[in-house]
1. Taking the range 252-278, which residues are surrounded by fewer than 16 Cβ atoms within 10 Å (Cβ to Cβ), under 23 Å from the mean Cα position of the chain (by Cα) and over 30 Å from Val365 (Cβ atoms)?
2. Filter the range 125-134 down to the residues that are surrounded by fewer than 24 Cβ atoms within 10 Å (Cβ to Cβ) and within 16 Å of the ligand (Cβ to nearest atom) and list them by number.
3. Return yes when Asp240 is among the charged types (D, E, K, R), part of a strand (DSSP E or B) and under 30 Å from Ala322 (Cβ atoms) and no when it is not.
4. For the range 375-399, give me each residue that is surrounded by fewer than 20 Cβ atoms within 10 Å (Cβ to Cβ) and either in a loop (DSSP other than H, G, I, E, B) or within 16 Å of the chain's Cα centre (by Cα) (or both).
5. When you go through Glu153, Glu171 one by one, which is the residue that is within 11 Å of the ligand (Cβ to nearest atom) and not in a loop (DSSP other than H, G, I, E, B)?
6. Just to verify a result, which residue in the range 222-237, among those that are not in a loop (DSSP other than H, G, I, E, B) and not basic (Lys, Arg), is nearest to the chain's Cα centre (by Cα)?
7. Yes or no: the range 135-153 includes at least one residue that is of a type outside the set (Asp, Glu), surrounded by fewer than 18 Cβ atoms within 10 Å (Cβ to Cβ), within 30 Å of Pro73 (Cβ to Cβ) and modelled with pLDDT of 95 or more.
8. Considering only residues that are in a loop (DSSP other than H, G, I, E, B) and within 16 Å of the ligand (Cβ to nearest atom), which ones fall in the range 409-433?
Amino acid sequence: MSRRISWKFFPGALASLLLASAPPLAAQDFDAAAVAAKRLLAELVAADTSNPPGNEARAVAIGAGWLDAAEIPYRRSRFGEGRENLVARLAGDGSARPLLLLAHIDVVGADAAAWSTSPHQLVEEDGYLQARGVADDLGMAAVELVVMRLLAEQGIPLRRDVILAWTGDEESGGAGVRWILENEPESIDAEVVINEGGGIRLDEQGEPRRIEVQTAEKIYQDFRLVARGPTGHSSVPLPDNPIYRLARALTRVDAHRFPIRVLPTARANLEARAALESGERGGAMRALARGDDTLAAAALLDADPQLAASLRTTCVATLLSAGTRVNALPGRASANLNCRILPDSSPKAVHATLIEIIDDADVEVEGLPEFGFGVPSPLSGPGPDAIREVAEAMWPGIPVIPFMSRGATDSRFLRARGIAAYGISPIAVAEDEASRAHGVDERIPAASLRPAVEFLYRMVVRIAGEGSSP
Ligand SMILES: [Zn+2]
């Protein structure tokens with residue numbers, strides 16, 4: 001069954017008021033741009049940038065060709081064998097700091113045998129575009145480049161530079177964006193960045209229902225727990241068996257609950273979601289947002305692990321290893337704890353808490369290398385204001401809901417440098433499509449491309465256009 005997205009073209013008078021000095025585009029300009037975005041997406045998919053190994057230079061070569069055709073200046077940077085980033089820039093008048101459009105061009109590997117179509121070939125079927133990377137994140141990369149082209153073709157006067165950055169290796173550690181930040185940080189320095197992480201959600205009828213904007217990320221941190229003990233023949237059990245010692249430590253971690261803290265993003269999220277919920281659940285969310293009813297909050301948390309994970313730090317055992325033989329006493333037992341830390345705390349503070357709750361000096365608690373993290377982005381300012389205004393213009397009444405993601409994107413490195421990052425893909429998808437990213441038969445509704453181009457174009461003009469408010 002095909003899904004159609006209804007969207008209303010904005011009346012010309014109001015559009016020109018909003019866009020001020022920028023000429024409003026005609027409907028056919030967006031039609032043509034969406035067709036171009038689909039063509040570019042097909043090329044990016046076919047480049048097969050599965051990471052590992054990445055081979056992002058193939059996608060960069062494609063993007064460079066498109067930018068050449070539009071006479072948009074860019075630079076390519078090499079960060080490994082066959083691996084490149086692409087950074088393009090449209091100059092503004094310099095009266096405000098740049099806007100950065102970010103997308104990663106590597107994709108996670110695809111098990112071709114499990115797919116219903118060939119994963120590295122864009123297929124349109126039943127109203128969907130299907131291939132590895134269409135949702136995460138090649139579709140966004142294509143829409144961003146097409147919007148850059150539109151801005152260049154239309155000669156939109158800009159007060160901010162608009163930068164496009166296609167980065168490699170986001171799916172396994174962010175080597176691409178980290179290379180840029182270490183070697184050419186000025187090339188992507190910006191006040192605001194639009195990146196993946198959230199987006200427009202469709203209901204079962206294919207209608208846009210809400211817009212989720214990622215404004216914060218939990219901090220990712222692994223810890224290794226190690227217990228040691230005397231080895232020997234298992235026919236003579238000894239005290240201090242490291243397996244039991246480690247088991248006791250893990251039981252304490254399991255029993256521990258980090259405190260609930262309703263940070264600004266979570267508060268705004270609960271308030272917005274409460275408006276969409278009825279009955280007890282909505283009431284409990286409102287109470288939690290006000291911070292005045294911990295009983296209701298606790299009940300809500302117990303019933304909803306997803307929600308619980310956005311209100312407190314979590315640590316969970318994910319790997320376990322001990323012993324060498326069935327008939328030998330183990331000399332060592334170890335476990336990995338994967339922690340997702342609220343962004344107002346730190347790996348150091350959680351390390352101290354773990355040592356305290358494990359309360360056993362013979363269990364080592366070792367912090368593994370940090371993954372990188374940054375502070376939450378403000379809930380108001382040029383980015384959020386533009387998102388709300390354009391969303392309201394295109395889909396009147398649609399709620400815009402900030403959220404903190406439990407996973408990590410390239411935004412963490414930019415937030416760490418004081419750049420306000422907003423996770424919002426312009427390509428509208430239903431819950432089902434969102435959950436297929438990284439999975440089998442990844443797809444997006446074909447009808448989402450056109451409103452995606454318009455949404456991002458209008459947002460960029462609102463943030464960076466000459467007529468935009470400071
Ligand atoms: Zn991604």
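The values are calculated or read from the model by the stated rules, or taken from the named source; none is laboratory data. Owing to the predicted nature of the structure, the values given are computational and were not obtained by experimental measurement. With ideal geometry, Cβ positions are generated from the backbone for all residues, glycine too; neighbour counts draw on all protein chains shown.
1. Across the range 252-278, the qualifying residue is only Pro264.
2. none
3. Values: among the charged types (D, E, K, R): yes; part of a strand (DSSP E or B): no; under 30 Å from Ala322 (Cβ atoms): yes.
Here the answer is no, as Asp240 does not meet what is asked.
4. Scanning the range 375-399 gives Val375, Pro378, Leu379, Ser380, Gly381, Pro396, Gly397, Ile398, Pro399.
5. Working: Glu153 fails: within 11 Å of the ligand (Cβ to nearest atom).
The match here is Glu171.
6. Step one: of the range 222-237, the residues not in a loop (DSSP other than H, G, I, E, B) are 222-228, 232-233.
Applying the additional criterion that residues be not basic (Lys, Arg) yields 222-223, 225-227, 232-233.
Working: Asp222: 20, Phe223: 23, Leu225: 29, Val226: 33, Ala227: 36, Gly232: 49, His233: 51 Å.
Ranking the candidates gives Asp222 first.
7. Restricting attention to the range 135-153, the residues satisfying the condition of being of a type outside the set (Asp, Glu) are 135, 138-143, 145-152.
Among the residues that remain, those that are also surrounded by fewer than 18 Cβ atoms within 10 Å (Cβ to Cβ) are: 152.
Cutting the leftovers down to within 30 Å of Pro73 (Cβ to Cβ) gives us 152.
The next check asks that each one be modelled with pLDDT of 95 or more; those that pass are 152.
Yes, that holds for at least one residue.
8. Filtering the range 409-433 down to residues in a loop (DSSP other than H, G, I, E, B) leaves 409-410, 416-419.
Of everything in the range 409-433, those that are in a loop (DSSP other than H, G, I, E, B) and within 16 Å of the ligand (Cβ to nearest atom) turn out to be Thr409, Asp410.
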